[in-house]
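*Asks:* This structure is in structure tokens; I'll ask about it shortly.
The values are calculated or read from the model by the stated rules, or taken from the named source; none is laboratory data. What you see is a predicted model, and the numbers here were worked out from it, not measured in a lab. Don't worry about glycine lacking a Cβ; one is built from the backbone with ideal geometry, like all the others, and counts go over all protein chains shown. Surface accessibility is based on the protein's heavy atoms, side chains included, excluding ligands, DNA and RNA. Shrake-Rupley method; radii C 1.70, N 1.55, O 1.52, S 1.80 Å.
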Protein chains: 4
Amino acid sequence: MKALVYHGPGEKSWEDVPDPQLQTPTDAIVQVETTTICGTDLHILKGDVPTVEQGRILGHEGVGTITELGSAVQGLEVGDRVIISCISPCGACAYCHQSLPSHCLAAEGAEGVGWILGHLIDGTQAESVRIPFADSSLHKLPDGIGDEAAIMLSDILPTGFEIGVRNGGVKPGDVVAVVGAGPVGLSAIMTSSLYGASRVIGIDLDDNRLEFARKFGATDTVNSGDDDWFKQVIAMTDGLGVDVAIEAVGIPKTFDMCAELIRPGGAVANAGVHGTSVELKLQDLWIKDVKITTGLVSATTTPMLLKLVAQGKLEPALFVTHRFKLDEMMDAYDTFGRAAETKAMKVAISR
Amino acid sequence: MKALVYHGPGEKSWEDVPDPQLQTPTDAIVQVETTTICGTDLHILKGDVPTVEQGRILGHEGVGTITELGSAVQGLEVGDRVIISCISPCGACAYCHQSLPSHCLAAEGAEGVGWILGHLIDGTQAESVRIPFADSSLHKLPDGIGDEAAIMLSDILPTGFEIGVRNGGVKPGDVVAVVGAGPVGLSAIMTSSLYGASRVIGIDLDDNRLEFARKFGATDTVNSGDDDWFKQVIAMTDGLGVDVAIEAVGIPKTFDMCAELIRPGGAVANAGVHGTSVELKLQDLWIKDVKITTGLVSATTTPMLLKLVAQGKLEPALFVTHRFKLDEMMDAYDTFGRAAETKAMKVAISR
Amino acid sequence: MKALVYHGPGEKSWEDVPDPQLQTPTDAIVQVETTTICGTDLHILKGDVPTVEQGRILGHEGVGTITELGSAVQGLEVGDRVIISCISPCGACAYCHQSLPSHCLAAEGAEGVGWILGHLIDGTQAESVRIPFADSSLHKLPDGIGDEAAIMLSDILPTGFEIGVRNGGVKPGDVVAVVGAGPVGLSAIMTSSLYGASRVIGIDLDDNRLEFARKFGATDTVNSGDDDWFKQVIAMTDGLGVDVAIEAVGIPKTFDMCAELIRPGGAVANAGVHGTSVELKLQDLWIKDVKITTGLVSATTTPMLLKLVAQGKLEPALFVTHRFKLDEMMDAYDTFGRAAETKAMKVAISR
Amino acid sequence: MKALVYHGPGEKSWEDVPDPQLQTPTDAIVQVETTTICGTDLHILKGDVPTVEQGRILGHEGVGTITELGSAVQGLEVGDRVIISCISPCGACAYCHQSLPSHCLAAEGAEGVGWILGHLIDGTQAESVRIPFADSSLHKLPDGIGDEAAIMLSDILPTGFEIGVRNGGVKPGDVVAVVGAGPVGLSAIMTSSLYGASRVIGIDLDDNRLEFARKFGATDTVNSGDDDWFKQVIAMTDGLGVDVAIEAVGIPKTFDMCAELIRPGGAVANAGVHGTSVELKLQDLWIKDVKITTGLVSATTTPMLLKLVAQGKLEPALFVTHRFKLDEMMDAYDTFGRAAETKAMKVAISR
């Protein structure tokens, strides 16, 4: 089959590789119908994720059809149309039992990370993929949900919801600021409604992304390039600050912005992937009764989000700005890699 | 009457001052039977808390007897023996309603801090004190609880419990590390049992304080001066780190120690008062699903802790290492100010 | 002034009474602009609430303007336009401190119920009313919110939200059944969205009320007069039952319906006022991991709901089906008392 | 091998049966070192549990050594000494994912109950037993924990903790009443300390059991045969009732006792197995803001309880009053079946 293979920093190709094979009784083989590219894939290509070895097939998001099942898989059948979760949980370790499979201890060679697809084992940017712990890693799709909505449930929508909205403890009536209106930020914006936020403020430097923010449910937007951006946001509160600030960029400046925006009793939910330390101003914060959280998605909310998509309460297909065929994978990377120019949010890459 | 008056950085005296008077219908006047000195009082004397004006009577902890009541006070009577809370909550603002009176908005001149006693209004290191919002700020003492136990419920025991144990989310079976075995740290150690911690590890540089830690319920202690202190602590876990680390010192190094000790999914509860920024290693922590909290005590748990003291489940009188009379106030400060030498933990200063 | 006075079972009149006077420093006098009638008022008139004495002015819902303030009131001013809460919390007792002022211990003569207005003291169906604990019992109204929306925040909307939705623990993705589409049931339907319910099923015998249910946000409705009503509801779930069933009628049959509809791990939130026992089938339920809750509104969520109304996220003015002037009070009672015929949901009675 | 086989109501024998065999790749075979008898086994023998077929080997509690493993088992090895959980969770279904495997949907033929051992498949009162979903159903035992402590973690201790203490929401300072001081009630008494109860009141008709209650940590006991038992309990509170009442008998009278003992805002946690309906006095309870819970143990807390046993914080071996060898199984049943006479609490039946 064909797959997108990583060959070291800056090197990738869409090439012939052997078909995936069942390895343990809990595996499934899934024919990929639609996959996509994540910001994390770009990080890997830059060489930022040294645990990814050369020769690895990338991709941890996908929708497809089961073609083969290991003998211990119980709840699935060949022919089932499924969402592939970006997390592959064993379901039996201490972290799986505390609903935190992002730190699954049993995943093959994972050293305490439940994200192994396109990382420690071959991934979904391929015509077919082996999925370990299939009973926990695959979610059957009901009829009537398109691939472009479904694939957002592999990673991006649960990330914004779990690591942004839920970790931040958004509750009815809250004013929520989301710093960064890329895919993770937009996911947080869209799902803030699930806990009844009264205002959701999208903050970004790019007006195109702020337009996306409004489309995804932001009640207000602020361009952080404005000199008075801070005053603008505070004016949308009772003057004391926002209840929850969600960091969805991953640099010190945006983390600082969040820490400054929150009111006493508020929370910063960090969803960005950071490469350096940040300065935490404990001299100001020690007295403020704040909470700061971090996290990798566990994707335990994928089935719940799927119910809301089925009911038309969430419309994640809105993320898709560009569409490609599987064998246009290299073009898809090019377009997604130049997102500022191409205005790409998420690309759908389909059979 | 006599009181301990602050006269600017480094200057204080035990001197004659006018008796306190009722100012609003919700006030009470309390004759002080026992008071104590807090680390915060030492900070004020160093000039670290600029909101404290010269001429202020210090002290925010006290046990005494009500001598006068405003006309709107409902649940108290003259002659009641009471604990004076370090927080004076109006009971009606948004923060009081969300059980966070540490940020009470209505307190006189407080600009969003519920701690006003010995800070923005005259305090308890005096023969008598005016207490605002008496219905919420005073707690009737049942018979049989001595002053030395009771006064620890003004501030220190609820601080360790609320800001350490409860903010950290300690739950049954957890391994808890407490960095710093001074009064706040010991309070956290003593109250970790209230959520069923399996191990409580006291960590300090001072062996005398580690002995206190064991007396207060630490199952284990580690001297952080040991080269392998980190290994010693990790060996007391399953190898992944502690569930909750409580910071009870207030310097960057001890915050770092906490951040390094926690396991994926763990929490750092900061209870120390910090004067500078700390470096938060988000490049490591972003993926670890951790929670960091800060806070000023709200003292909403004082009545609950009082029930446990009454049942003999907690013994806060253990804190008292030195005893003075009110007119030995200056000696009491001297002893408490040289705690490393005098081995003072808390001093009881009584009528 | 004029007021609606209870003169024993079946007897009431709109008559001259003395103007209300401040009694304690925490009181306020409010000129009533709009009031309404609650199902509870009808119960009182039937003689079902023996704690209500003859001569009592009824009514516990209102919007008005402050005309006089006691000397201890801090956060309000004469001339403020306010919502009058149906609960009058002291803000200082154990129940107020645990955010459960429905059982406020300090309220005048209340014997452990925070609902005293139009019950143990004179109420809001009058030209003016004395409100105790004004700082906690009155909520300032921002500009731009009409009386008809605001008055629903005195009691009915927080009741449906607190006792139905929040007690039931509705969470994102849940399927919620609301049995009874009267004012409380509709409040629960409208506010189920605040916790992201995927489906909200309105159930009633009256097709007119089912139409209301849809207008208030029910995704589905079922007429419980249908022979197969149970099957219809279960077919809207995955076959195991609903996550939360909210009882909003107050008779054994509707409680039974709720208990039968819930799935293992589900909850029945009872919001109806019951006059007799119900049979709880513990022989079936003991193994099902269910939760059953009851409650009287605490109205602690009124300020939060107000924020959502101000943002246009909730539209409680939709409740009002009939409008009257204050001196048409007797007609208003007549119309509301024959709701089945008049199709009255809530009546607005305004100056 | 030998096993205790059910042959219909009233009929059982210790007889030769075929050795268990691996059936699926996720199974394990465990040689039983110690087993015990549960009240549920007596119910089965009376014919009260019709889903148990004739020929079934009984028993759902056990400690033993793994002798054989299916090819998909990851975290265990032959020779491991393990606790056998009474619940066999698949780890992949919706209920397992919400940490409620007591309603596991995938368990073989279980129709929505995760308890299948000695119920729908052969159990642990045998020399050897097949355990499905071994990774989730078996817990490795650290050295130094005896069989008699360990076997209480199969079912009885997690039942008292999860269904009594945790469902009841016991929190620091609470007054807890436990009605019924048999094994489940004693488990609740012992584990109430894990959430910091201030008083734990054991209530029973049998003075011998009340003595057990005190040994297990009850601060107070009341004999419910006393005319004034109710007054005695209320006198141990502030006069308003207990915070949490745990029902650990399973008859209408004891449920009523619990419902009457709780204060406004309190909870009844039903842990008893009921055969008939109870009368729920909603005419009194609708206004009281109470919570009533039911449940079958999920045993998700077994690993956590094990940590506390390993630290000496819980001593479940105290339950064992009588000891037998496996081939004295019939005597063990006789002794346990006449518990009132023999004063048996739990029997340990060992190889």
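*Asks:* Would the stretch B:195-207 turn up any residue that is of a type in the set (Gly, Ala, Ser) and surrounded by fewer than 21 Cβ atoms within 10 Å (Cβ to Cβ)?
*Replies:* no
*Asks:* Then there's this: Working only within the stretch C:271-293, note down all residues that are touching a residue at least 40 places away in the same chain (Cβ under 8 Å) and within 19 Å of C:ALA177 (Cβ to Cβ).
*Replies:* C:ALA271, C:GLY272, C:LYS291, C:THR293
*Asks:* Among the candidates D:ALA267, D:ALA248, single out the residue that is over 20 Å from D:GLU211 (Cα atoms) and at pLDDT 95 or above.
*Replies:* Testing whether each residue is over 20 Å from D:GLU211 (Cα atoms) and at pLDDT 95 or above leaves just D:ALA267.
*Asks:* Report yes if some residue within the stretch D:183-204 is touching a Pro at 6+ places or on another chain (Cβ under 7 Å) and away from chain B (no Cβ under 14 Å); otherwise report no.
*Replies:* There is no residue in the stretch D:183-204 that is touching a Pro at 6+ places or on another chain (Cβ under 7 Å) and away from chain B (no Cβ under 14 Å).
*Asks:* When the stretch A:303-329 is examined, which residues are found to be within 14 Å of chain C (Cβ to nearest Cβ), in contact (Cβ under 8 Å) with a residue 60 or more places away in the chain and either of a type in the set (A, V, I, L, M, F, W, C) or touching an Asp or Glu at 6+ places or on another chain (Cβ under 9 Å) (or both)?
*Replies:* Matches in the stretch A:303-329: A:LEU305, A:LEU306, A:LEU308, A:VAL309, A:ALA310, A:LEU314.
*Asks:* Same structure again: So which strands (runs of 3 or more DSSP E) are wholly in the stretch D:88-183 and hold at least 3 residues that are open to solvent by less than 20 Å² (accessible area, probe 1.4 Å) and in contact with a Ser or Thr (Cβ under 7 Å, 6 or more places away or on another chain)?
*Replies:* D:175-179
*Asks:* Between C:ASP227, C:ASP238, which is assigned to a loop (DSSP other than H, G, I, E, B), under 28 Å from A:THR191 (Cα atoms), outside the structural domain of C:ASP41 (by TED's automatic domain parsing) and charged (D, E, K, R)?
*Replies:* C:ASP238
*Asks:* Could you check the stretch B:284-302 and list, in sequence order, the residues that are at the interface with another protein chain (Cβ under 7 Å from one of its Cβ atoms) and not in a strand (DSSP E or B)?
*Replies:* Within the stretch B:284-302, B:LEU285, B:TRP286, B:ILE287, B:LYS288, B:ASP289, B:VAL290, B:THR294, B:GLY295, B:LEU296, B:THR300 qualify.
*Asks:* A further question follows. Could you pull out the residue among B:GLY64, B:GLY59, B:GLY79, B:GLY55 that is modelled with pLDDT of 95 or more, of a type outside the set (A, V, I, L, M), farther than 23 Å from B:SER350 by Cβ and out of contact with any Pro (no Cβ under 9 Å at 6 or more places or on another chain)?
*Replies:* B:GLY55
*Asks:* So A:VAL242 fits all but one of (1) surrounded by 23 or more Cβ atoms within 10 Å (Cβ to Cβ); (2) within 14 Å of chain C (Cβ to nearest Cβ); (3) under 28 Å from A:VAL32 (Cβ atoms); what number is the exception?
*Replies:* (3)
*Asks:* Turning to a different aspect of this structure: For the stretch B:1-10, which positions are touching a residue at least 40 places away in the same chain (Cβ under 8 Å) and surrounded by fewer than 22 Cβ atoms within 10 Å (Cβ to Cβ)?
*Replies:* Within the stretch B:1-10, B:MET1, B:LYS2, B:VAL5, B:HIS7, B:GLY8 meet the criteria.
*Asks:* Need pairs with beta-carbon distance below 8 Å; first residue more than 14 Å from A:GLY266 (Cα to Cα) and within the stretch A:236-255, second open to solvent by 30 Å² or more (accessible area, probe 1.4 Å) and of a type in the set (A, V, I, L, M, F, W, C); sequence gap 6+ or separate chains.
*Replies:* Close Cβ pairs satisfying both conditions: A:ALA248/A:VAL184; A:GLY250/A:VAL273; A:GLY250/B:TRP286.
*Asks:* Look at B:CYS90 and say whether it is more than 19 Å from the chain's Cα centre (by Cα), within 14 Å of chain C (Cβ to nearest Cβ) and either over 23 Å from B:ILE156 (Cβ atoms) or not small (Gly, Ala, Ser) (or both).
*Replies:* In short, yes.
*Asks:* Out of curiosity, is C:LYS313 among the basic types (Lys, Arg), open to solvent by 10 Å² or more (accessible area, probe 1.4 Å) and either in contact with a helix residue (DSSP H, G or I) (Cβ under 6 Å, 6 or more places away or on another chain) or not in a helix (DSSP H, G or I) (or both)?
*Replies:* yes
*Asks:* Shifting gears a bit: Mind listing whichever residues of the stretch D:340-351 are in contact (Cβ under 8 Å) with a residue 12 or more places away in the chain and more than 30 Å from B:GLY196 (Cα to Cα)?
*Replies:* D:ALA340, D:THR342, D:LYS343, D:ILE349, D:SER350, D:ARG351, listed by residue number.
*Asks:* Let me ask another. Suppose the filter is within 17 Å of D:PRO132 (Cβ to Cβ) and either in the same structural domain as D:ALA332 (by TED's automatic domain parsing) or among the hydroxyl-bearing types (Ser, Thr, Tyr) (or both); does D:ASP19 pass it?
*Replies:* yes
*Asks:* When you go through (1) open to solvent by less than 20 Å² (accessible area, probe 1.4 Å); (2) free of Cβ contacts under 8 Å to residues at least 12 places away in the same chain one by one for B:ALA267, which number turns out not to apply?
*Replies:* The single condition B:ALA267 does not satisfy is (2).
*Asks:* Also, quick follow-up: Going by the structure shown, is B:VAL273 within 12 Å of another protein chain (Cβ to nearest Cβ), open to solvent by 50 Å² or more (accessible area, probe 1.4 Å) and under 19 Å from the mean Cα position of the chain (by Cα)?
*Replies:* yes
*Asks:* Identify all residues within the stretch C:279-316 that are more than 14 Å from the chain's Cα centre (by Cα) and over 29 Å from D:SER277 (Cβ atoms); write none if there are none.
*Replies:* C:PRO303, C:MET304, C:LEU306, C:LYS307, C:LEU308, C:VAL309, C:ALA310, C:GLN311, C:GLY312, C:LYS313, C:LEU314, C:GLU315
*Asks:* Do you know which of the residues in the stretch C:51-74 that are within 17 Å of C:LEU22 (Cα to Cα) and open to solvent by 30 Å² or more (accessible area, probe 1.4 Å) is nearest to the chain's Cα centre (by Cα)?
*Replies:* By that ranking, first place goes to C:THR65.
*Asks:* State which residue is modelled with the lowest pLDDT when the search covers only the stretch A:21-44 and only residues that are over 23 Å from the mean Cα position of the chain (by Cα) and open to solvent by 30 Å² or more (accessible area, probe 1.4 Å).
*Replies:* A:THR24
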